[in-house]
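Trainee: Take this structure first; my questions come after.
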Amino acid sequence: MGERLLRYMDDIEDRLIAFAGANNLQIVRQIGFGIHGRVFMIIARHSASVVKVFEEEDPYKRERDVYLRLQEKGVEQIVGCHVPDLLSFSDDLRVVHISLVSRPFCLDFAAAYLDALPIGFPPMESDWEAEKLKEFGTEDWLKASLVLDRLKSFGIIQTDVSPTNISV
């Protein structure tokens, strides 16, 4: 589609409609949003899936690349948490199309990095783990920690750790 056209399609809904039209997908409704973009449930061939439309290129590329890595490794679950399958993506539209998964799950990799954190990335604060323990609760934090360790074994460093991204 090209960068020139993308300049005229900065609106997330325009890019969603373009992706859905090009891939014969029916948009059902928005099911989420965050600082990186919006998430929509769609129907393709009588099956529900999810489309994530990103505001910016860097979070889009991180998410796409993590899903490509997981796909390359054949990962469907991490410590019992379902991982969405990468169904398709569009670099031009900054869209990732993934399968719909139920709890427990591990998803949302827009803030994850492959192999190493970028130079100058702020270090985790000393009370970070204590905060996560409060957020998750003791038992769930232990499981979430195992998920993070397993992600690291694939070279994936998840920096956005929350119960909405790692539901155990």
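Computed from the coordinates by the stated procedures, all read-outs in this text should not be read as laboratory data. Bear in mind that the values here come from a model prediction, so they are computed numbers and not experimental data. Reconstructed Cβ throughout: ideal geometry from the backbone, glycine too, with neighbour counts over all protein chains shown.
Trainee: To the nearest 20 debye, what charge dipole does segment 46-168 have about its Cα centre, counting +1 at the Cβ of each Lys and Arg and -1 at the Cβ of each Asp and Glu?
Mentor: Charge dipole of segment 46-168: 380 debye, to the nearest 20.
Trainee: In addition: Express as a percent, rounded to the nearest 5, the fraction of DSSP beta bridges in the chain (both residues included) that run antiparallel.
Mentor: Numbers: 31 of 32 bridges.
About 95 percent, rounded to the nearest 5.
Trainee: Hey, rough spin-label estimate for Ala48 and Gln30, points 7 angstrom out along Cα→Cβ, what's it come to in nanometres?
Mentor: For Ala48 paired with Gln30, the spin-label model returns 1.9 nm.
Trainee: Sort segment 10-79 into rounded, prolate or oblate with this rule: let a ≥ b ≥ c be the square roots of the eigenvalues of the Cα gyration tensor; rounded if a/c is under 1.5, and if a/c is not under 1.5, prolate when a/b is larger than b/c, oblate otherwise.
Mentor: On the way: a/c = 1.86, a/b = 1.25, b/c = 1.49.
Here segment 10-79 falls in the oblate category.
Trainee: A further question on this structure: Tabulate in residue order the Karplus-calculated ³J(HN,Hα) for segment 105-112, using 6.51 cos²θ - 1.76 cosθ + 1.60 with θ = phi - 60°, rounded to whole Hz; enter x for Gly and Pro.
Mentor: Taking θ as phi minus 60°, the curve returns 9, 9, 8, 6, 10, 5, 10, 8 Hz for segment 105-112.
Trainee: Return the long-range amide H neighbours of Ile78 (sequence gap of 5 or more, or a different chain), with a cut-off of under 5 Å between placed amide H atoms.
Mentor: Here Val83 satisfy the definition.
Trainee: Run the helix sum for the chain: -39,500 (n - 2.57) per DSSP H stretch of 4+ residues, divided by residue count, reported at 222 nm to the nearest 500 deg cm²/dmol. Before the final figure, lay out each step's value.
Mentor: Working: 5 runs with 58 residues, N = 168.
Result for the chain, helices only: -10500 deg cm²/dmol.
Trainee: Something else: Which whole-number percent is the relative contact order of the chain (Cα, under 8 Å, 6+ apart)?
Mentor: Details: 259 pairs, mean separation 34.0, N = 168.
Here the relative contact order equals 20 percent.
Trainee: For segment 96-102, take each phi angle, set θ = phi - 60°, evaluate the Karplus expression 6.51 cos²θ - 1.76 cosθ + 1.60, and give the result in whole Hz per residue in order, putting x for glycine and proline.
Mentor: 10, 10, 10, 6, 7, 10, 9
Trainee: Residue by residue through segment 147-163, which ³J(HN,Hα) values in whole Hz follow from phi under the Karplus form 6.51 cos²θ - 1.76 cosθ + 1.60 (θ = phi - 60°), with glycine and proline marked x?
Mentor: Each residue of segment 147-163 in turn: 4, 4, 4, 5, 4, 4, 5, 8, x, 10, 10, 8, 9, 9, 9, 8, x Hz.
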